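The values are calculated or read from the model by the stated rules, or taken from the named source; none is laboratory data. Only a predicted model underlies this, so the values are computations on that prediction, with no experimental measurement involved. Cβ coordinates were reconstructed from backbone atoms using ideal geometry, including for glycine residues, and neighbour counts include every protein chain displayed. Note: accessible area is taken over every heavy atom of the protein model, side chains too, but ligands, DNA and RNA are not part of it. Shrake-Rupley method; radii C 1.70, N 1.55, O 1.52, S 1.80 Å.
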Amino acid sequence: MDRIQKALDKAKQRHAQTVANQPNVIADSKETINTELKNESTDPLTAPIQSIQYSQTKVVNVSNEQLDRKRLIAGFYNNSQSAVFRMLRTQVLKKMRGNNWQSLAITSPTEGEGKSVIAANLAIAIAMELNQTVLLVDMDLRNPSVAKYFGLDVEIGLKDYLSGDYPLSEVLINPGIKRLVILPGLGRAEDSAELLSSPKMASLVSDIKSQYDSRVIIFDVPPVLQTDDVLLASNYFDSTLLVLEDGKNPETNILRVLQMLEGSNLMGTVINKCSRAPEHQNY
């Protein structure tokens with residue numbers, strides 16, 4: 001934990017020195033988003049928040065046992081650890097709303113650090129807010145895992161949508177959790193870089209962002225140090241959250257990742273698999 005904090009502090013100091021040597025430029029990036037709902041028959045993503053009915057999006061009711069077995073616990077108030085994800089939700093939404101951000105990429109330096117579990121739990125926690133809807137996109141085309149955690153039997157994934165001719169409504173799934181829709185992945189895509197940089201991917205991101213401003217889009221993206229997919233797709237994300245497994249990454253790895261993510265609106269880091277429980281857990 002101390003090594004991670006030292007690396008983060010060092011990166012912040014270096015970034016502060018760089019900013020101090022640059023002219024102060026203030027830009028007004030406020031944008032008006034059209035909140036008018038489109039025809040339900042042509043847009044499977046839109047629905048009133050208080051009375052959502054998924055007429056075209058497939059609904060698969062995932063059991064609480066499945067969620068608990070895969071450590072998706074954000075919706076369980078009787079689990080003391082679930083408070084961690086609701087705390088994370090509050091911090092993330094405060095940052096996103098303050099900056100008028102709509103989309104968030106969640107990544108890690110290497111595989112196996114728990115980024116997909118964090119992404120899924122955060123999506124569930126945000127969907128619990130009555131004034132918020134969430135779209136969770138599995139953009140890890142080389143190792144998609146979101147469907148596995150939710151126990152979904154997926155027939156068409158993001159890779160198939162990008163390389164084929166499927167309507168979006170056939171890909172989207174509601175896991176039985178109100179205000180949450182999943183765009184899952186399926187199968188390994190060796191040409192992930194080409195798919196993510198394709199016009200169809202750009203069009204998809206533009207479409208899912210332009211519906212209405214109550215939606216938060218969470219992208220579960222590949223590890224930064226193992227593929228260039230994150231850098232290729234960085235224009236799709238308004239902000240980034242970095243997941244670090246406690247004790248796994250040397251300081252050089254952390255500094256390298258922070259350097260690669262510079263300019264991506266890195267809102268913070270989540271230390272995962274930590275042996276020390278959060279202080280507020282048993283409040």
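Assorted remarks:
- Pick from the stretch 147-168, criterion of a type in the set (A, V, I, L, M) and touching a helix residue (DSSP H, G or I) at 6+ places or on another chain (Cβ under 6 Å), ranking: farthest from LYS209 (Cα to Cα): VAL154
- Members of the stretch 231-257 that are open to solvent by 10 Å² or more (accessible area, probe 1.4 Å) and either within 17 Å of ARG142 (Cβ to Cβ) or assigned to a helix (DSSP H, G or I) (or both): LEU231, LEU232, SER234, ASN235, TYR236, GLU251, THR252, ASN253, LEU255, ARG256
- Test: GLY112 is among the small types (Gly, Ala, Ser), surrounded by fewer than 18 Cβ atoms within 10 Å (Cβ to Cβ) and part of a loop (DSSP other than H, G, I, E, B): yes
- Hits in the stretch 71-93 - residues which are open to solvent by 10 Å² or more (accessible area, probe 1.4 Å) and polar (S, T, N, Q): ASN78, ASN79, SER80, GLN81, THR90, GLN91
- Residue match in the stretch 119-131 (condition: assigned to a helix (DSSP H, G or I), more than 25 Å from GLN211 (Cβ to Cβ) and either open to solvent by 50 Å² or more (accessible area, probe 1.4 Å) or touching a strand residue (DSSP E or B) at 6+ places or on another chain (Cβ under 7 Å) (or both)): no
- Within the stretch 179-198, one or more residues are closer than 18 Å to LEU122 by Cα, in contact (Cβ under 8 Å) with a residue 60 or more places away in the chain and crowded, with 16+ Cβ neighbours inside 10 Å.
- Within the stretch 145-157, considering residues that are in a helix (DSSP H, G or I) and not aromatic (Phe, Trp, Tyr), the one nearest to ILE126 (Cα to Cα): VAL146
- Taking the criterion of being open to solvent by less than 40 Å² (accessible area, probe 1.4 Å) and assigned to a helix (DSSP H, G or I), the residues of the stretch 158-178 that qualify are LEU158, ASP160, TYR161, LEU162, LEU168, SER169.
- Selection from the stretch 64-93 of residues that are touching a residue at least 24 places away in the same chain (Cβ under 8 Å) and not in a helix (DSSP H, G or I): LYS70, ARG71, LEU72, ILE73, ALA74, GLY75, SER80, GLN81
- When the stretch 251-281 is limited to residues that are at pLDDT 90 or above and of a type in the set (Asp, Glu), the one that is farthest from the chain's Cα centre (by Cα) turns out to be GLU251.
- Boolean, ASN100 is closer than 20 Å to ARG215 by Cβ and either at pLDDT below 95 or in contact with a Leu (Cβ under 8 Å, 6 or more places away or on another chain) (or both): yes
- Search result, residues across the stretch 201-227 that are in a helix (DSSP H, G or I) and surrounded by 14 or more Cβ atoms within 10 Å (Cβ to Cβ): MET201, ALA202, LEU204, VAL205, ILE208, LYS209
Every residue, every condition in (1) in a helix (DSSP H, G or I); (2) buried (at least 23 other Cβ atoms within 10 Å of the Cβ); (3) β-branched (Val, Ile, Thr); (4) out of contact with any strand residue (DSSP E or B) (no Cβ under 6 Å at 6 or more places or on another chain), yes or no:
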residue: LYS95; (1), (2), (3), (4): yes, no, no, no
residue: LEU104; (1), (2), (3), (4): no, yes, no, no
residue: VAL137; (1), (2), (3), (4): no, yes, yes, no
residue: ASN143; (1), (2), (3), (4): no, no, no, yes
